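Undergrad: Can you read through this structure? Questions will come right after.
The values are calculated or read from the model by the stated rules, or taken from the named source; none is laboratory data. Since this is a predicted model, take the numbers as computed values, not measurements. No Cβ is skipped: glycine too gets one built from the backbone with ideal geometry, and neighbour counts run over all protein chains shown. Only protein heavy atoms, including side chains, enter the accessible area calculation; ligands, DNA and RNA are left aside. Shrake-Rupley method; radii C 1.70, N 1.55, O 1.52, S 1.80 Å.
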Amino acid sequence: MPAASSTLIIGASRGLGLGLVRQFLARGRRVIATVRDASRPGPVAELAGADRLRVESADVAIAESLMALRRRLEGETLDILMVNAGIGVTGREDFAEAFLACMRVNALGAMDAVKTLFDLVGEDGAVGVMSSQLGSIANNSSGGYEPYRASKAALNQSLRSFAAEHAQAKVSFTCLHPGWVQTDMGGPQAPLDVETSTRGVADVLESRLGQRGDAFLDYSGQTLPW
Ligand SMILES: NC(=O)c1ccc[n+]([C@@H]2O[C@H](COP(=O)([O-])OP(=O)(O)OC[C@H]3O[C@@H](n4cnc5c(N)ncnc54)[C@H](OP(=O)(O)O)[C@@H]3O)[C@@H](O)[C@H]2O)c1
């Protein structure tokens, strides 16, 4: 991996994505962080270590936005490509609309980001996507949040397929569960704070550098059943 490699976090305006950027900057890494509109970067631009930070625009639900990002990143080598962007559900929305929106962003959008940017990932690099334990089919005995669960299960399945199709690549592929975290999505009653979760997720991603194959891991490095 070139010394000047960068860690790319897709979806870094707030919550866990912002926390991951803070973690990786604190570890001395060069970070590329995306928000939907880099002309209005918000809190990510105020982080300590921002001299090693490049803020870019990307909307994972818009293919041209991801292709434009790929063109702007020409010449970069990524050590970690982490797709964090995602949306949740309240359970009170129209079911079909919620289902399609979750699939569009959490499954198709996240995988479009992986596929569009994968060729920038260097040897011994790590690809991660922010999944959820709610995407585990094996662990689903309670139901609820069906559009969200289905989209994260689809994301896991798609990343496994992509990993199998790129088994010769010297890169690891990881679906991550961050825990239940106090963010806009997780709500104030969640047991974990952003710092604790993202420190764990950053540790797990760094542990996957130099590894191969796929895994479904939580923020403490525990394996989850698919
Ligand atoms: N919090 C939890 O307890 C929890 C648990 C399991 C999994 N997760 C997963 O962790 C990830 C981050 O969640 P969070 O809790 O930090 O949620 P959050 O506070 O709601 O933040 C969501 C992030 O995703 C971005 N995003 C949403 N749609 C996007 C799109 N189309 N293109 C680009 N960026 C987009 C948002 O950008 P904007 O600011 O522009 O909207 C924001 O940066 C999600 O994938 C979520 O499913 C969270």
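Undergrad: For the chain, with a Gaussian network of springs between Cα atoms less than 10 Å apart, report the residue from G135, G28, G213 with the top mean-square fluctuation.
TA: Fluctuation is largest for G28.
Undergrad: Of the accessible area of the range 6-218, with the probe set at 1.4 angstrom, what percent is carbon plus sulfur?
TA: Numbers: 4750 of 9370 Å².
The nonpolar share, carbon plus sulfur, comes to 51 percent.
Undergrad: With charges only on Cβ, +1 for K and R and -1 for D and E, what is the dipole size of the range 6-218 about its Cα centre, in debye, rounded to 20? The partial results should precede the final answer.
TA: Working: 22 positive and 25 negative charges, 43 e Å.
Dipole size: approximately 200 debye.
Undergrad: On to the next question. Please list, ordered by chain and number, the residues whose modelled amide H lies under 5 Å from the amide H of L209; skip anything fewer than 5 residues away on the same chain.
TA: For L209, no residues qualify.
Undergrad: If eta is 1.306 mPa s and T is 10 °C, what Stokes-Einstein diffusion coefficient results for the chain, Kirkwood Rh from Cα pairs, in µm²/s?
TA: Value of D from the Cα-based Kirkwood radius: 92 µm²/s.
Undergrad: Same structure, new question: Under a point spin-label approximation (7 Å from Cα along Cα-to-Cβ), what is the I62-E165 distance to one decimal in nm?
TA: 2.5 nm
Undergrad: Highest first, please rank the peptides 189-199, 51-61, 120-130 by the mean number of other Cβ atoms sitting within 10 Å of their residues.
TA: Descending mean neighbour count gives 120-130, 51-61, 189-199.
Undergrad: Moving to a separate point now. Going by a ≥ b ≥ c, the root eigenvalues of the Cα gyration tensor, does the range 36-79 fall in the rounded group (a/c under 1.5), the prolate group (a/b larger than b/c) or the oblate group?
TA: Judged from the Cα gyration tensor, the range 36-79 comes out oblate (a/c at least 1.5, b/c at or above a/b).
Undergrad: Using a probe radius of 1.4 Å on heavy atoms only, what accessible surface per residue do you get for the chain? Whole Å² is fine.
TA: Values: 10280 Å² over 226 residues.
Normalised by residue count, the accessible surface of the chain is 45 Å².
Undergrad: Take the Cα of L100, step 7 Å along the line toward its Cβ, and report every residue of the range 61-90 whose backbone nitrogen sits under 20 Å from that point.
TA: 61-64, 86-90
Undergrad: How many nm separate the modelled label positions at T77 and A26, each set 7 Å beyond the Cα in the direction of the Cβ?
TA: 2.8 nm
Undergrad: Something else now. Taking the Cα centre of the chain as the origin and placing charges on Cβ (Lys, Arg +1; Asp, Glu -1), which of G42, L53, Q157 is farthest toward the positive end of the dipole?
TA: Ranked along the dipole, the leading option is L53.
Undergrad: Evaluate the distance, in nm, between pseudo-label points positioned 7 Å from the Cα of A48 and of E123 along their respective Cα→Cβ axes.
TA: 3.6 nm
Undergrad: Same structure, new question: Per residue, how big is the convex hull of the range 104-195 when only Cα atoms are used? Give it in Å³.
TA: 117 Å³
Undergrad: Under the Karplus relation 6.51 cos²θ - 1.76 cosθ + 1.60, θ = phi - 60°, what is the ordered set of whole-Hz ³J(HN,Hα) values for the range 163-171, x standing for Gly and Pro?
TA: After applying 6.51 cos²θ - 1.76 cosθ + 1.60, I find 4, 5, 6, 10, 5, 7, 6, 8, 8 Hz.
Undergrad: Moving on. Could you rank F95, F24 by how accessible they are, 1.4 Å probe, largest area first?
TA: Reading off the accessible areas and sorting them downward yields F95, F24.
Undergrad: By per-residue mean of other Cβ atoms within 10 Å, what is the highest-first order of 200-209, 158-167? Please report the intermediate quantities before stating the final value.
TA: On the way: 200-209: 20.5, 158-167: 15.7.
Descending mean neighbour count gives 200-209, 158-167.
Undergrad: Please give me, ordered by residue number, the trypsin sites (Lys or Arg not before Pro) of the range 61-135 that lie in loop per DSSP and have at most 10 other Cβ atoms within 10 Å.
TA: R92
Undergrad: Separate question: Heavy atoms only, probe 1.4 angstrom, no DNA, RNA or ligands counted: give me I87, I62 ranked by accessible area, highest first.
TA: Greatest to least solvent exposure: I62, I87.
Undergrad: Hey, what number do you get for the chain at 222 nm if only DSSP H runs of n ≥ 4 count, each worth -39500 (n - 2.57), divided across all residues, to the nearest 500?
TA: The per-residue figure over the chain is -10000 deg cm²/dmol.
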